[in-house]
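Student: A single structure is presented below for examination.
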């Protein structure tokens, strides 16, 4: 495969991700409890008073955390791959002390040393090589600034992956970075001064349908290398049956997430 074809594939992949999240812009908040929980844990690591600080909310989605950053006194730049998500963020946050930028986390359209903080919660797992957006975030950070990020690691949604594996041989769940690859990405991006928390979080659902409904509702439906054809009701029922092996004593089904909460200090 030549360089032009690889670039075309990369651009197509990014557009497909943006389109998936764009389709979910109006439903995201209804289905994003887990995403809000993780974001709040990450936000708790930031200073309460952000007066006079400029913060990039990288992968801002509907602007839920952008608004909270504003309420702490920050000037906020909302950045997202999806224009429709940015529209939702603007409806939530308005235009005072905040601007909006459609962007690619792997190639930020900002000058060096612009931001005091970069906040990015559950967005960077959509980048093929984590070292690239981390390098970009570090580039746009002021000296002594800090990156606060969360991402998902290998083992996330293993129940759904296993249930699908009993139905067909296609990939229905995205691959997530291993902890070893995460450490390599941190080294490659020269993010040496960092602290990581690695919680395992289980979200409980009444059915596999409900798990998949939440994933669709937030736009996390694009799977690299998989055709986006429709899935029949019969197939979904088979997945639901295969998922039942994980049922707990209360009759609920888990969706397990391996989460990384990272704080990177820019020396």
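The values are calculated or read from the model by the stated rules, or taken from the named source; none is laboratory data. On a predicted model such as this, the values are computed, not experimentally measured, just so you know. Positions of Cβ are backbone-derived with ideal geometry, glycine not excepted, and every protein chain shown enters the neighbour counts.
Student: Does at least one position in segment 17-38 carry a residue that is without any contact (Cβ under 8 Å) to a residue 60 or more places away in the chain and in a loop (DSSP other than H, G, I, E, B)?
Tutor: no
Student: Residues in segment 58-71: is at least one over 13 Å from the mean Cα position of the chain (by Cα) and farther than 16 Å from residue 94 by Cβ?
Tutor: No, segment 58-71 contains no residue that is over 13 Å from the mean Cα position of the chain (by Cα) and farther than 16 Å from residue 94 by Cβ.
Student: Okay, next question. Residues being in contact with a strand residue (DSSP E or B) (Cβ under 8 Å, 6 or more places away or on another chain), in a helix (DSSP H, G or I) and surrounded by fewer than 22 Cβ atoms within 10 Å (Cβ to Cβ): count how many of those fall in segment 82-104.
Tutor: 2
Student: Can you find a residue in segment 192-201 that is surrounded by fewer than 13 Cβ atoms within 10 Å (Cβ to Cβ) and modelled with pLDDT under 95?
Tutor: Within segment 192-201, one or more residues are surrounded by fewer than 13 Cβ atoms within 10 Å (Cβ to Cβ) and modelled with pLDDT under 95.
Student: Quick one: is residue 177 surrounded by 17 or more Cβ atoms within 10 Å (Cβ to Cβ) and touching a strand residue (DSSP E or B) at 6+ places or on another chain (Cβ under 7 Å)?
Tutor: yes
Student: Does residue 50 satisfy being part of a helix (DSSP H, G or I) and more than 15 Å from the chain's Cα centre (by Cα)?
Tutor: So residue 50 fails the test.
Student: Any chance segment 128-141 includes a residue that's closer than 30 Å to residue 238 by Cα, touching a strand residue (DSSP E or B) at 6+ places or on another chain (Cβ under 9 Å) and not in a strand (DSSP E or B)?
Tutor: Within segment 128-141, none of the residues are closer than 30 Å to residue 238 by Cα, touching a strand residue (DSSP E or B) at 6+ places or on another chain (Cβ under 9 Å) and not in a strand (DSSP E or B).
Student: Still on this structure: Can you go through 75, 99, 146 and tell me which one is in contact (Cβ under 8 Å) with a residue 12 or more places away in the chain, closer than 19 Å to residue 187 by Cα and over 18 Å from the mean Cα position of the chain (by Cα)?
Tutor: Among 75, 99, 146, only 146 is in contact (Cβ under 8 Å) with a residue 12 or more places away in the chain, closer than 19 Å to residue 187 by Cα and over 18 Å from the mean Cα position of the chain (by Cα).
Student: Working only within segment 108-128, note down all residues that are at pLDDT 95 or above, out of contact with any helix residue (DSSP H, G or I) (no Cβ under 7 Å at 6 or more places or on another chain) and surrounded by fewer than 18 Cβ atoms within 10 Å (Cβ to Cβ).
Tutor: Answer for segment 108-128, where residues must be at pLDDT 95 or above, out of contact with any helix residue (DSSP H, G or I) (no Cβ under 7 Å at 6 or more places or on another chain) and surrounded by fewer than 18 Cβ atoms within 10 Å (Cβ to Cβ): 109, 110, 111, 113, 114.
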